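Participant: Before I ask anything, here is the structure I am working with.
What follows is calculated from the coordinates using simple rules that are stated; it is not laboratory data. Here the structure is a predicted model, which means the values were calculated and not measured. No Cβ is skipped: glycine too gets one built from the backbone with ideal geometry, and neighbour counts run over all protein chains shown.
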Amino acid sequence: MNRRAGNTLVYILAAALGITMLVPFVWMLSTSLMDEFEVFQFPPRLWPADPAWSNYSNALTAAPFARFFLNSAIMSLFIVTGHLFTAATAGYAFARLRFPGRDKVFILFLANLMVPVIVLLIPRFLLVNALGWVDTYMGLIITELVGVWGIFLMRQYFLSIPRELEDAARIDGAGEWQVFWKVALPLSRPALATVALFSFVETWKSFLWPLIVTRSMAMRPVEVGIAAFHSLYLSNWPYQMAAAVVAVVPILLLFLFTQRYFVRGIQLAGLKY
Amino acid sequence: MNRLRIPFVLLVVAPAVILALGGIYSAYRSWAALGPELDRHAAARAVEYMRFYRDDLGERLRASPERLAAQAAELGLERFTVYGARDQVVVTFPDATPLPLALGDEGGEALLAAARRGNAVVDLVMIDDRATWLAYLPDEGSLTAATVRAETGPTDAFGEAVAYDMALYLGTARALASRDDWPSELSRTLIDSLAGFDRALSVEIGEERVAAAPFKDFDEWDVTGAVVIRRAGMDPLMPAPPFVGMLALALAAGLAAFFVARVTFEAGGRAEPRRLRRKFALALVTPALAAAVLAAGDARVSARGTDSLLALSGRVVSDLGNLDAIPIDRLARLAGADAARLTADTLAAATIDAPAEALAELHSETGRIRIGGRRFAYRAVASEAGQQIFLLTDPLEDSRKTALFWLAGLYGLLAVGALIYASLALSAGSRMELRETMAAWSFIAPSLVLLLVFSAAPLLFAFYLSFHGWNLLEPAKPFVGLGHYIELAGDGLFWNAAKNTAIYSLYVPLTMACALGVAILLNRSIKGVALLRAIFFLPYITSFVAISIVWQWMYDPNFGIFNWILGLFGLGPFPWLNSPSTALLALIIMAVWIHIGFQMVIFLAGLQAIPNELYEAAMIDGAGAWRRFWRITLPMLRPTTFFVLVTSIIGSFQVFTFVYVMTEGGPLHATDVIVYHIYQNAWQFLRMGYASAMSWVLFAVIFAITLIQFRLLGRRMTPS
């Protein structure tokens, strides 16, 4: 078997698998454009004869989707900022600074990764409830501001870049904050981008906590909002698919442009554990 | 010293400032919330009082407005205002006014016209070019009414004075609510909340917050009206705002931080340690003591507030005369409290589970008593006939404890931070060393505090919860010991959820096999491989809810694409999510599709880390592709494989979204997984203690798996 034939085989196989992977997305898009009769045809039509674009405007006005997106955006903005700040500062300290108890504290941080979120859910809810933050942005955001995973990733990254520049800055008389802010941080942009991306996607997709901590439609983020929409329009599949497409598109676009950061992030966090 | 300033600011001053601001904010909030809280009590009582007269003493009411007014005065109500002709009554409270009625002649006319129509219960009329709702309680010809005036009203929708009955109106209001031109949330909020709850609420009307309590008709079914109370000023019942203690604590924290700062700077490595220690203790303890004193004062104020409310209820009840004629539950509602009745020192009936002995111990007129693990504030009321009624309610001061508890905890954290800072400052060997340590701690402090408050503390609190009966709505949180864990062991549904979770996690090895295959397939530099990898990775990053919805549609037994495709091969149709025997399988198939790309990426990294020389050497030895896979690829990938296996299994134990969206645990609990089960227990059955016990079991299992992982990985990685 020569190389060319092998590659062709690989292409055919991979393309077939890839198309299979895409079927649900295509099916989602296609159903979102069907009218109420086409949906319930059997055998199913693969593409509607006359795409009903009005499904989108109808579905989007049936629930406050703009508000859902706004909520998700606000939530993501604060949480991503929080993650970036905590990951950069703590990651830098664990990687670069020497202080008594460093390794113990680091292990304490890492131990957090072992705790399933569901254990924290009830007490966190009681705490947020006691503070009067249920159904507020504060409640959505406050518990999520620090991500141990990001700290870990930033630490690994700082360890992988040379520290000569920082030492030079120290000799020039810069304080620790200046060294961090002016020297180390600019060098760590790729890692910061990875942290930002992952925490954004994670926040955007988060479901259980927003489900619990919000009560009114006006405070729901996209994921919870779509789920509520789903239970309201249970039998109207075109509307639901239109809503699903709308929910998928932003992250899809983001992913298309930032793919390599995702891959790097997973590999960084995954393998050097 | 200058270098120290930044870390110091971060470590001590910033948290203190945040704490102080937070304290001030929450003190303000609770102060602002106090008025509405009292108004809700008042409105609820007004409604009960009016309802009482409607049902039982309607005659008396109609016969003599003067007598009614006199009674009202006795009750501590300022007056019943009699509007227009005959029977319309508006309740007015001391220092609180009903919403501006502004009925004028026109309004009075409208009111009367509606009354004449008989059973019209709600009208929307125009008064002074503004839409105004009028809510009536028609009662055998008499009319007890309260009006709610909205600043703007649904004028376009209704036009002029149209009569709707309440049920119809509610339906219409709901339908209108989704319209763009529906005016603001005010009328909607009111009507929604009134329809939804049988108790008084705080409602926003226009820009002001009012207390509103719904009226219901005779069969307690339809909401027929509302009493709305608006505050005119602070209620005289409550002499001072509560939560002064919280404010004090916050201030104390600020003060303490300030003193600690001064002492430390003063020290600068010179001062004598013992003197410093004393100063330190003083700096931390004095403000805390002051705060404690204020908090105690705060609790006393709250207690007095409770007593005042009970006193008001007592006056309402003692006015009723022959208490024997009134059912105890009505009495309880009238008083806005739980009522227990004693006739001649014998417990006749009680709405709460109060043992006779417990009540027999009551001596004074007001006080606190513990019944069945729950604390009550009580007030004894003697009727004309010499009977005794005990009114019981939750002590207001108890509800302050939680917040104080958390603030005290925060203060403790701050104190610990200050102590660490100070001890480091005093013990560091060299200036450089100190500088680095300080900087490091200030870098870590934000993350550490957040983790302690929102992860470590909740973890322990969950453990504490698992030993207590904990229902959000019940004030009593009894200690049950190992009760929950014992119940868990015999809970068939829990074991069913555990079993389902275990079966669901079978997707992990399935996915791993597929992902490894795809990774090997795509581990070559050919054109378009990046796109293919992206396609495989796509499901993992998109919205899980959207994916769930799409798959639910694909699994549709009648019109879904799965049954169609399988039908082409002569298979099926399968019921998928609709049958207990296939639902879990359907979830597993979907899980494979979702996770394949994620695992593939990790496998790809593992594959790329295998040195090419190994393969070359094997080729020279004449090993075939299959043999190379088994002898080189798989052994070299072992750490990766193990990592993927363990993390994915841990992840699979926490599946929730798919189950919540697609099956809600059904059919017949066939897809009820652990996390969903915990969610249901905590938020649907409100058994938070029991749910916490379950979550701790899950935690223990995951912890054990992680430990095994570390041990095995550690052994493998240490050079032998």
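Participant: For the range A:204-246, list log₁₀ I(q)/I(0) at each q in 0.18, 0.28, 0.30, 0.31 Å⁻¹, using the Debye formula over Cα point scatterers of equal strength and ignoring solvent, two decimals each.
Facilitator: With one equal scatterer per Cα and no solvent, log10 I(q)/I(0) is -0.50, -0.98, -1.05, -1.08.
Participant: Given Cα positions, please report Rg to Rh for the range B:454-571, the hydrodynamic radius being the Kirkwood one.
Facilitator: Numbers: Rg = 23.1 Å, Rh = 19.9 Å.
Dividing the radius of gyration by the Kirkwood radius yields 1.16.
Participant: Assuming 0.36 nm per residue, please report the length gained on full extension of the stretch A:Ala193 to A:Phe85 beyond their Cα-Cα distance. Numbers along the way, then the final one.
Facilitator: Values: separation 108, 0.36 × 108 = 38.88 nm, distance 1.23 nm.
The span from A:Ala193 to A:Phe85 would gain 37.6 nm if fully extended.
Participant: Can you give the mean number of other chain Cβ atoms that lie within 10 Å of the Cβ atoms in peptide B:526-535?
Facilitator: Working: counts 4, 2, 4, 3, 3, 4, 7, 4, 7, 9.
Rounded to a whole number, the mean comes out at 5.
Participant: Something else: Among A:Val201, B:Val701, rank each residue by its count of other Cβ atoms within 10 Å, from fewest to most, as a rough exposure measure.
Facilitator: Working: A:Val201 22, B:Val701 16.
So the ranking, lowest neighbour count to highest, is B:Val701, A:Val201.
Participant: Which of the three applies to the range B:667-706, rounded, prolate or oblate, going by the alpha-carbon gyration tensor with a ≥ b ≥ c and a/c under 1.5 meaning rounded?
Facilitator: Numbers: a/c = 3.74, a/b = 1.35, b/c = 2.77.
Oblate shape, in that a/c is at least 1.5 and b/c is the bigger or equal ratio.
Participant: For B:Phe569 and B:Glu433 in the same chain, what is the full-extension length gain: residue separation times 0.36 nm, less their Cα-Cα distance, in nm?
Facilitator: That works out to 41.6 nm of additional length.
Participant: For the pair A:Ala49/B:Ile420, report the inter-label distance in nm, with labels modelled 7 Å from Cα in the Cβ direction.
Facilitator: Spacing of the two 7 Å Cα→Cβ label points: 7.1 nm.
Participant: When only alpha-carbon atoms are used, what values of Rg and Dmax, in angstrom, describe the range A:3-52?
Facilitator: 15.9, 51
Participant: Please order B:Glu433, A:Glu223 by the number of other Cβ within 10 Å, starting at the fewest.
Facilitator: B:Glu433, A:Glu223
Participant: Three principal axis extents, largest first, for the C-alpha atoms of the range A:170-221, in Å?
Facilitator: Cα spread of the range A:170-221 along its principal axes, largest to smallest: 55, 20, 15 Å.
Participant: Additional query: If you count, for each residue, the other Cβ atoms within 10 Å and average over each peptide, how do B:530-538, B:566-574 line up from highest to lowest? Before the final figure, lay out each step's value.
Facilitator: Working: B:530-538: 19.0, B:566-574: 12.1.
Top of the packing list down: B:530-538, B:566-574.
Participant: Spelling out what I want: for every residue of the range B:561-568, take phi, set θ = phi - 60°, compute 6.51 cos²θ - 1.76 cosθ + 1.60 (Karplus), and round to whole Hz; glycine and proline get x.
Facilitator: Per-residue couplings from phi come out as 6, 5, 5, 5, 4, 4, x, 4 Hz.
Participant: Where Lys and Arg each count +1 and Asp and Glu each count -1, what net charge lies around A:Glu36 among other residues with Cβ under 15 Å from its Cβ? Provide the component values of the computation, followed by the final result.
Facilitator: Details: positive: A:Arg45; negative: A:Asp35, A:Glu38, A:Asp50, B:Asp556.
Local charge sum for A:Glu36: -3.
Participant: Mind checking the mean number of beta-carbon atoms from other chains within 10 Å of the Cβ atoms in A:97-104? Show your work: numbers first, answer last.
Facilitator: Working: counts 9, 4, 12, 7, 4, 3, 0, 0.
Across A:97-104, the average partner-chain Cβ count within 10 Å equals 5.
Participant: Within the set of other residues whose C-beta is less than 15 Å from the C-beta of B:His595, count the net charge using Lys and Arg as +1 and Asp and Glu as -1.
Facilitator: Values: positive: A:Lys205, B:Arg533; negative: none.
After counting each charged neighbour, the total is +2.
Participant: Any idea how far apart A:Ala228 and B:Trp626 come out in nm if each label point goes 7 Å out from Cα toward Cβ?
Facilitator: Roughly 5.8 nm, to one decimal.
Participant: Which FRET efficiency value, to the nearest 0.05, is calculated for B:Val529 and A:Leu185 with the Förster distance at 41 angstrom and r the Cβ-Cβ distance? Display every interim value, and only then the final one.
Facilitator: On the way: r = 34 Å, r/R0 = 0.83.
Efficiency at R0 = 41 Å is approximately 0.75.
Participant: Ok, one more. Can you tell me the orientation of helix A:102-111 relative to chain A, as the angle in degrees between its alpha-carbon axis and the longest Cα principal axis, to the nearest 10?
Facilitator: With both axes taken from Cα atoms, the answer is about 20 degrees.
Participant: For the modelled label position 7 Å from the Cα of B:Leu472 along Cα-to-Cβ, which residues of the range A:202-225 have backbone nitrogen atoms closer than 19 Å?
Facilitator: Backbone N within reach: A:207-221, A:224-225.
Participant: How far is it, in nm, from the label point at B:Asp394 to the one at A:Arg215 when both lie 7 Å from their Cα along the line to the Cβ?
Facilitator: Each label point lies 7 Å from its Cα, and together they span 1.3 nm.
Participant: Hey, what does the equivalent ellipsoid look like for the range A:57-271, semi-axes from the Cα gyration tensor as sqrt of 5 times each eigenvalue, largest first, whole Å? Could the numbers behind the result be given before it?
Facilitator: On the way: eigenvalues 282, 81, 42 Å².
Gyration-tensor ellipsoid for the range A:57-271: 38, 20, 14 Å.
Participant: What is the sum of charges, Lys and Arg at +1 and Asp and Glu at -1, for the other residues whose Cβ falls under 13 Å from the Cβ of B:Leu448? Numbers along the way, then the final one.
Facilitator: Details: positive: A:Arg102, A:Lys104; negative: none.
Local net charge: +2.
Participant: A further question follows. Which whole number gives the average, over all residues in A:21-29, of C-beta atoms from other chains lying within 10 Å of the residue C-beta? Walk me through the numbers on the way to the answer.
Facilitator: On the way: counts 10, 4, 6, 13, 7, 1, 6, 7, 1.
Going residue by residue through A:21-29 and averaging, the value is 6.
Participant: Sorted by packing (mean other beta-carbon atoms within 10 Å per residue), highest first, where do B:590-597, B:544-551, A:205-212, B:413-420 land?
Facilitator: Working: B:590-597: 22.2, B:544-551: 26.0, A:205-212: 20.6, B:413-420: 18.6.
In descending order of packing, they fall as B:544-551, B:590-597, A:205-212, B:413-420.
Participant: Also, I was wondering about something else. Please work out the FRET efficiency for the pair A:Ile161 and B:Glu365, using the Cβ-Cβ distance as r and a Förster radius of 56 Å; give the result to the nearest 0.05. Present the calculation step by step, with values, prior to reporting the outcome.
Facilitator: Details: r = 75 Å, r/R0 = 1.34.
E(calc), rounded to 0.05, equals 0.15.
Participant: Under the Karplus relation 6.51 cos²θ - 1.76 cosθ + 1.60, θ = phi - 60°, what is the ordered set of whole-Hz ³J(HN,Hα) values for the range A:23-37, x standing for Gly and Pro?
Facilitator: Along the range A:23-37, the couplings run 3, x, 5, 5, 4, 4, 4, 5, 5, 5, 9, 8, 8, 5, 8 Hz.
Participant: While we're on this one: Based on the mean of other Cβ atoms within 10 Å per residue, sort peptides B:615-622, A:6-13 so the most packed one is first. Can you show the working numbers first?
Facilitator: On the way: B:615-622: 11.2, A:6-13: 12.9.
The peptides rank, most packed first, as A:6-13, B:615-622.
Participant: If you rank A:Met75, A:Met217 by fewest surrounding Cβ atoms within 10 Å, what's the result?
Facilitator: Working: A:Met75 21, A:Met217 14.
The most exposed by this proxy come first: A:Met217, A:Met75.
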